[in-house]
Amino acid sequence: MERTLILVKPDGVQRGLIGEIVSRFERRGLKLAGMKFMQMSRELAEQHYGIHKGRPFYDALVDYITSGPIVAMAWEGKEAIAAARATMGATNPVSAAPGTIRGDFGMEIGRNLVHGSDSVENGVKEVSLFFKEEELVAWDRVTDSWIRE
Ligand code: IDP
Ligand code: MG
């Protein structure tokens, strides 16, 4: 069972798209394990995006992600990483497929609305950066047998 960290980035919050974005993961069948509305500190942003340090867009990326509140979520399930990435669409919204979050709502790589972990290991790391284990909820979903074989 995989876990992915999904963020509704500040542009998604400011544009009133929290519900729209959450609903896409929810309707797809991913299972919510944790959720918080918060503003990222520069320190947290630098940890979260540490892998991009030194790239030309890094400073702008840290400014963007700390520029307003975000919604941080942990979603789980078999193949949660790949399913969430497909639901998000390509990093650059202009080449993201219609029907994806970025393809339906975005126009700029630096305003691409949503973050999702890119590997199982990063899912574990990123979820633990935003959530203490006791903030994650294990629950039975009554529809699971209609979503999962
Ligand atoms: P991802 O969010 O699809 O995983 P990454 O390559 O991990 O994409 O990049 C992290 C974030 O950095 C992107 O979501 C985007 O906001 C920003 N970013 C990536 N490449 C560029 C770029 O070339 N210019 C501006 N921002 C970028
Ligand atoms: Mg990434």
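The values are calculated or read from the model by the stated rules, or taken from the named source; none is laboratory data. Everything numeric here is computed off the predicted structure, so don't read it as measured data. Neighbour counts are summed over all protein chains in view; Cβ atoms, including those assigned to glycine, are modelled from backbone coordinates with ideal geometry. Please note that ligands, DNA and RNA were not included when accessible areas were found on the heavy atoms of the full protein model with its side chains. Shrake-Rupley method; radii C 1.70, N 1.55, O 1.52, S 1.80 Å.
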**OP:** Could you tell me which residue of the range 119-149 is nearest to ligand 1 (Cβ to nearest atom), considering only residues that are small (Gly, Ala, Ser) and farther than 25 Å from Glu20 by Cβ?
**Re:** Ser119
**OP:** Being within 26 Å of Ala83 (Cα to Cα), surrounded by fewer than 15 Cβ atoms within 10 Å (Cβ to Cβ) and hydroxyl-bearing (Ser, Thr, Tyr) is the filter here, so list the residues in the range 24-62 that pass it.
**Re:** none
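Scan the range 116-131 for residues that are out of contact with any Lys or Arg (no Cβ under 6 Å at 6 or more places or on another chain) and either more than 13 Å from ligand 2 (Cβ to nearest atom) or under 20 Å from Val13 (Cβ atoms) (or both) and report the count. Give the derivation first.
Of the residues in the range 116-131, the ones out of contact with any Lys or Arg (no Cβ under 6 Å at 6 or more places or on another chain) are 117-122, 124-126, 128-131.
Cutting the leftovers down to either more than 13 Å from ligand 2 (Cβ to nearest atom) or under 20 Å from Val13 (Cβ atoms) (or both) gives us 117, 120, 124, 126, 128-131.
Selection size over the range 116-131: 8.
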Subject >> Flag for Val71 being part of a strand (DSSP E or B), open to solvent by less than 30 Å² (accessible area, probe 1.4 Å), in contact (Cβ under 8 Å) with a residue 40 or more places away in the chain and among the β-branched types (Val, Ile, Thr) >> reply: yes
Subject >> Within the range 75-96, considering residues that are within 23 Å of Ala33 (Cβ to Cβ) and assigned to a loop (DSSP other than H, G, I, E, B), the one least open to solvent (accessible area, probe 1.4 Å) >> reply: Gly89
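For the range 97-118, give me the residue count where each residue is open to solvent by less than 60 Å² (accessible area, probe 1.4 Å), within 10 Å of ligand 1 (Cβ to nearest atom) and either out of contact with any helix residue (DSSP H, G or I) (no Cβ under 6 Å at 6 or more places or on another chain) or at negative phi (or both).
Residues of the range 97-118 that are open to solvent by less than 60 Å² (accessible area, probe 1.4 Å), as a first pass: 97, 99-103, 105-106, 110, 112-117.
From what's left, within 10 Å of ligand 1 (Cβ to nearest atom): 102, 106, 110, 112-117.
Now narrow it down to the ones that are either out of contact with any helix residue (DSSP H, G or I) (no Cβ under 6 Å at 6 or more places or on another chain) or at negative phi (or both): 102, 106, 110, 112, 114-117.
Residues that pass the stated criteria total 8.
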Original post:
Looking only at residues in the range 32-69 that are within 15 Å of ligand 2 (Cβ to nearest atom) and β-branched (Val, Ile, Thr), which one is nearest to Gly123 (Cα to Cα)?
Top reply: Ile51
